[in-house]
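The values are calculated or read from the model by the stated rules, or taken from the named source; none is laboratory data. Here the structure is a predicted model, which means the values were calculated and not measured. Cβ placement follows ideal geometry from the backbone for every residue including glycine, while neighbour counts extend to all protein chains displayed.
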Amino acid sequence: MKFILILICFSLVFPLFAEEDPFLEMEVQVSNDLVFRGSSFNGDLTNDRNNRKYQSYTDAWSIIPDLRFRTPLEGLSVFLWGNINLQHYGDRDTDQYLFQNGAGQPDRTQEILSNVGSPGFGFDPNQVKRYKEKNGAQRWNSAFMGIDYSWDTKLGGLTYGTWLWSSANPEDKSIWQEWFFRYRPPILDYLNPEFGFFINTSTNSQTNSAQLQENTTGQKYFSFEMRHTFFDGDFFQIEWEGHTGYLMHNDNKNRLSGVSNITNTLRFVFGDIFLGGSWIYRPEVDLFDRFDSNPKDGRISDPSKLYGIENQFIQNQILSLIANDPNLSNLVYERITSQSVIRNLFTVNLGYRVVF
């Protein structure tokens, strides 16, 4: 960690003395969602917070700055990447419980109703009320910081490096680290193919999510990318990028592997400004099914069906018919409070690039 910080300081200072070579590449874009390796982060967290069904397109806009500093050592770069949310700040009462002892605590409504008229409640009524969950978008802000070294050989281009991810959530100061290796074969220059291998080596890899996932230490990710720029060098350009990712061990509970995403990105570039979007197809939805007793049914909890008086009334009426069978009751509850995992995600982005 200290080593990376020192390199960042040097990368900021030494290139200032260079007169010809650019030392900083910067891209800043705004996007409706942050999708990483097929997982929607800002979008899913927004739907969790607002009790809305998961969907292919979500208004969860954020600023995504991406800076790459070229150090005096040729091939060695330091990069910074961030996610700064623009919407949904402030905490919200998501679970909609009328009486609870604190944010995220169980509902005590039935307990209170059953004690009405008794000599004592057995608890302090002044502490039992509605609470807002700690789910404001300021907790989703995050940053990547890393370093890599690239060099060209007769057998192709090679890149080796590491990055650290850190969340701004005061309740979860987890740091997630990966090492990566990328290889660019000396063929099909027109499409710029590149293979990548990433391995998570974190000792603390909790995810910043409203729905806690299992620890993902040891997760591996393989990627294959291609890209091409039409009208390269002109004021108006069209950029296409294709990315396919294979996830090995989606978590340490289910340990499923498969193709997590096939992503196509198209950008229209006007000088330093670009407008574009991405289509993320998730062929193996079981990789994202982590929140019920059946990890292979392609279903996930539906935030719009979990909480609220109306939902609670419907659930109670249905479950009362099978109250004598706990296993069946659990399966039915999961079914009526779930939805199919979204197979297609879409993002839109507007950005600006500059080189110093």
Only one of Q127, Q96 is in contact with a Gly (Cβ under 9 Å, 6 or more places away or on another chain), at pLDDT below 90 and at positive phi. Can you tell me which?
Q96
Looking across the stretch 170-185 at residues that are of a type outside the set (F, W, Y) and farther than 18 Å from G75 by Cα, the single one that is modelled with the highest pLDDT is E178
From N250, N349, N254, which residue is buried (at least 17 other Cβ atoms within 10 Å of the Cβ) and part of a loop (DSSP other than H, G, I, E, B)?
N250
Look at the stretch 224-252 and say how many of its residues are among the β-branched types (V, I, T) and over 13 Å from F268 (Cβ atoms).
1
Can you work out which of the residues in the stretch 56-90 that are surrounded by fewer than 17 Cβ atoms within 10 Å (Cβ to Cβ) and over 29 Å from D148 (Cα atoms) is modelled with the lowest pLDDT?
G90
Checked against (1) buried (at least 17 other Cβ atoms within 10 Å of the Cβ); (2) small (G, A, S); (3) more than 30 Å from Y352 (Cβ to Cβ), S304 satisfies every condition except (1)
Which residue pairs have Cβ atoms closer than 6 Å, lie 6 or more positions apart in sequence or on different chains, and pair a first residue in the stretch 146-172 that is not assigned by TED's automatic domain parsing to the domain that holds N42 with a second residue that is surrounded by 17 or more Cβ atoms within 10 Å (Cβ to Cβ)?
none
